[in-house]
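Read through the structure below, which is laid out as structure tokens, and then see the notes.
The values are calculated or read from the model by the stated rules, or taken from the named source; none is laboratory data. All of these numbers come straight from a predicted model, not from anything done at the bench. All Cβ positions, glycine included, derive from the backbone under ideal geometry; neighbour counts span all protein chains shown. For the accessible areas, the whole protein counts, side chains as well, though only heavy atoms, and no ligand, DNA or RNA atoms are used. Shrake-Rupley method; radii C 1.70, N 1.55, O 1.52, S 1.80 Å.
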Amino acid sequence: MIAIIDYGMGNLRSVFKAFEAVGHQAVVTRDPRAIANADHVVLPGVGAFGDCMANLERYELITPIQAA
């Protein structure tokens, strides 16, 4: 399973649909357990990375991402 990290920014639906189109199971999540249990992790990029980091901190996702 591929975990697409939902940190409140980015076009997550497009990323999800792209994986679905090529036959891969993916889930959009901000659940640290789902991230830890995923086979692969995707952190969709954005142009405003400062805002991205603020949201990752707010949702307590930095540690799970580093562990993945």
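Of all residues in region 14-32, count the ones that are assigned to a helix (DSSP H, G or I) and under 11 Å from the mean Cα position of the chain (by Cα).
Here the count works out to 3.
Within region 58-68, can you find the residues that are open to solvent by 60 Å² or more (accessible area, probe 1.4 Å) and out of contact with any Lys or Arg (no Cβ under 7 Å at 6 or more places or on another chain)?
Within region 58-68, Arg58, Glu60, Thr63, Gln66, Ala67, Ala68 qualify.
Considering region 43-62 alone, what residues qualify as being part of a loop (DSSP other than H, G, I, E, B) and modelled with pLDDT of 90 or more?
Residues satisfying the conditions are Tyr59, Glu60, Leu61.
Out of all the residues in region 24-57, which are without any contact (Cβ under 8 Å) to a residue 40 or more places away in the chain, exposed (fewer than 15 other Cβ atoms within 10 Å of the Cβ) and not hydrophobic (A, V, I, L, M, F, W, C)?
Residues satisfying the conditions are His24, Gln25, Arg33, Asn37, Asp39, His40, Gly45, Gly47, Gly50, Glu57.
Checking the conditions here, which among Ile35, Ile65, Ile4 is touching a strand residue (DSSP E or B) at 6+ places or on another chain (Cβ under 9 Å), part of a helix (DSSP H, G or I), among the hydrophobic types (A, V, I, L, M, F, W, C) and modelled with pLDDT of 90 or more?
Residue meeting the stated conditions: Ile35.
When you scan region 1-50, how many residues do you find that are among the small types (Gly, Ala, Ser) and within 19 Å of Ala68 (Cα to Cα)?
6
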